[in-house]
Amino acid sequence: ARNMMIRYNISRIVVVTKDGKPLGILTEKDIARFLYSEVPSRRLDEITVNEIMSKELVTVEEDFDLIRCAKLMLEKGISSLIVTDAKKDLKGIFTKSDLIFAYVENFAGEHLIGEFMTKKVHTVAPDEAIHMVILLMNGHKVSRIVVATNDGHPIGMITGRDLSLSVRYLEQDLLE
């Protein structure tokens, strides 16, 4: 699953039953969180998707309106919704990227960024251990941490994607 995410440049995969019903969702953040918190004694190809996927799905039908979907994502603190038909068969996925695209196409220019930006920014120093970044992300339920100098100037950012890509190095360490 991780290799598929990397190959297709996607950050999540919907897991379905044989008859097409959504069963769970696996995100890069799920993978990184599992591997860094559990430090499994097994190789990645021995860990099943079922062990780390999120099973509490939030689904909507295709006729949900955009504002309702955005509010639902905010209420639940999630970045994607599983789209199903009336029979609960998977039809698609609605992500925060889809929401941004919809905003740009329909509402661009109506607001300033300062009205909506997150003002509480979590930062780490460039020499901080990755473990601390993961603790901050998990503890504050954020998917990115700004890397800043001692005087507060941002010089980079670490995201959940960065961590999931670094998993291949963790796997090599575990096998040695």
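The values are calculated or read from the model by the stated rules, or taken from the named source; none is laboratory data. Since we're looking at a predicted model, the values are computed, not measured. When we count neighbours, we look across all protein chains shown, and the Cβ atoms used for this are built from the backbone with ideal geometry, even at glycine. Ligands, DNA and RNA are excluded from the accessible area calculation, which covers all protein heavy atoms including side chains. Shrake-Rupley method; radii C 1.70, N 1.55, O 1.52, S 1.80 Å.
Listed values, structure above:
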{"read-out": "Portion, in percent, of the accessible area of the range 1-100 that falls on carbon or sulfur, probe 1.4 Å", "value": "52 percent"}
{"read-out": "Length-normalised contact order of the range 1-115 in % [C-alpha pairs under 8 Å, at least 6 apart]", "value": "20 percent"}
{"read-out": "Accessible surface, the range 1-99, averaged per residue in Å² (probe 1.4 Å)", "value": "62 Å²"}
{"read-out": "Distance between modelled label sites at Asp89 and Met157, nm, 7 Å Cα→Cβ extension", "value": "3.9 nm"}
{"read-out": "Contour excess over end-to-end distance, with Cα ends at Ser54 and Ser41 and 0.36 nm allotted per residue", "value": "2.5 nm"}
{"read-out": "Where Cα atoms sit under 28 Å apart: lysine pairs in the range 44-176 separated by 8 or more or lying on different chains", "value": "28"}
{"read-out": "Per residue, the convex hull volume that the Cα atoms of the range 57-108 enclose (Å³)", "value": "73 Å³"}
{"read-out": "Nonlocal amide H pairs with Val16, under 5 Å, H built at 1.01 Å", "value": "Leu23"}
{"read-out": "Dipole in debye (nearest 20) - the range 39-162, about Cα centre, beta carbon charges: Lys, Arg +1; Asp, Glu -1", "value": "320 debye"}
{"read-out": "Amide H contacts of Val121 (H built 1.01 Å from N, under 5 Å, at least 5 apart or other chain)", "value": "none"}
{"read-out": "Over the range 20-164: Kirkwood hydrodynamic radius from C-alpha pairwise inverse distances, Å", "value": "17.7 Å"}
{"read-out": "Average accessible area per residue (Å²) across the range 118-163 - probe 1.4 Å, nucleic acids and ligands excluded", "value": "66 Å²"}
{"read-out": "CD proxy at 222 nm, helix term only [per DSSP H run n ≥ 4: -39500 (n - 2.57); per residue of the chain; nearest 500]", "value": "-12000 deg cm²/dmol"}
